[in-house]
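Here's the structure we're looking at; comments come further down.
None of the figures in this text is laboratory data; all of them are computed from the coordinates on show. Remember, it's a predicted structure, so these values are computed and weren't measured experimentally. Here the Cβ positions follow ideal geometry from the backbone for every residue, glycine too, while neighbour counts run over all protein chains shown.
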Amino acid sequence: MTAKPTKRLMFSEAHCHSLVDIVLRYKNIVECKRTDAVTWKQKAAAWEKIAELYNSATTESRTADQLRCKFDNLKKEVRKYEANRRQNLLRTGGGADERNLKKAVIMLYEKIKSIIGLSVHGLQPSVGDSDDASFENKEEAASVCMDESNKNTENVHEEDVDLASMSIVLNEGDSFDKI
């Protein structure tokens with residue numbers, strides 16, 4: 001009979017911290033959004049190097065695929081934690097996250113947030129966005145919006161505008177991108 005494979009030990013907090021610390025060194029490669037053949041090879045090589053460094057620092061040997069899977073699961077946990085935290089802040093009576101997490105886990109989540117960035121925080125509203133809740137009233141939002149639109153038209157002079165055809169005359173060397 002074939003021997004049953006032994007069950008793997010779970011990742012401890014210390015092992016998770018060491019994995020995240022190593023991934024932090026390679027974050028530009030590992031979290032790169034490009035998907036061409038060269039990038040895939042670089043990512044595979046980076047994960048092999050991460051596995052080598054991780055295995056040299058811990059007693060439990062792990063493959064690159066196992067480490068990659070664990071890191072992906074940690075990222076999912078962080079996204080869920082942040083979404084839950086934001087949801088708790090926005091609900092009536094808003095408050096802190098009700099889950100009691102250890103300081104070490106929160107520190108781990110902060111490290112992972114620094115690696116994955118935008119996928120946790122989401123896009124911030126731009127100036128004049130109607131969803132931006134940072135303005136006290138609509139007049140303040142409108143004045144900021146008007147200030148921004150005035151900045152965009154400051155460089156257009158009266159002699160540059162042909163009023164008969166209402167088109168902008170470009171100077172030599174100018175392009176529509178500059179306007």
Output ordering of 11-24, 51-64 (per-residue mean of other Cβ within 10 Å, highest first) is 11-24, 51-64
With each pseudo-label sitting 7 Å past Cα toward Cβ, what's the GLU77-SER114 distance in nm, one decimal? 1.8
Mean separation of Cα pairs under 8 Å and 6+ residues apart, divided by the residue count of the range 13-121: what relative contact order is that in percent? 30
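For a test of the definition: using alpha carbon positions, the gyration tensor, and the 1.5 limit on a/c, classify the range 13-121 as rounded, prolate or oblate. All intermediate terms of the calculation are to be shown ahead of the outcome.
Values: a/c = 3.19, a/b = 1.65, b/c = 1.93.
It comes out oblate by the Cα gyration axes.
How high is the FRET efficiency between ASN55 and ARG85 when r is their beta carbon distance and R₀ equals 22 Å, given to the nearest 0.05? Provide the component values of the computation, followed by the final result.
Numbers: r = 34 Å, r/R0 = 1.53.
Taking R0 as 22 Å, the efficiency between ASN55 and ARG85 is 0.05.
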Taking θ = phi - 60°, what integer Hz values does the Karplus form 6.51 cos²θ - 1.76 cosθ + 1.60 yield along the range 43-52, in sequence order, with x for Gly and Pro? 5, 4, 5, 5, 5, 5, 5, 4, 4, 4
Between LEU101 and ALA45, with labels modelled 7 Å along Cα→Cβ, what's the label distance in nm to one decimal, could you check? 3.4
Just grab the label-to-label distance for THR35 and SER12, each label 7 Å out from Cα along the Cβ direction, in nm (one decimal). 3.9
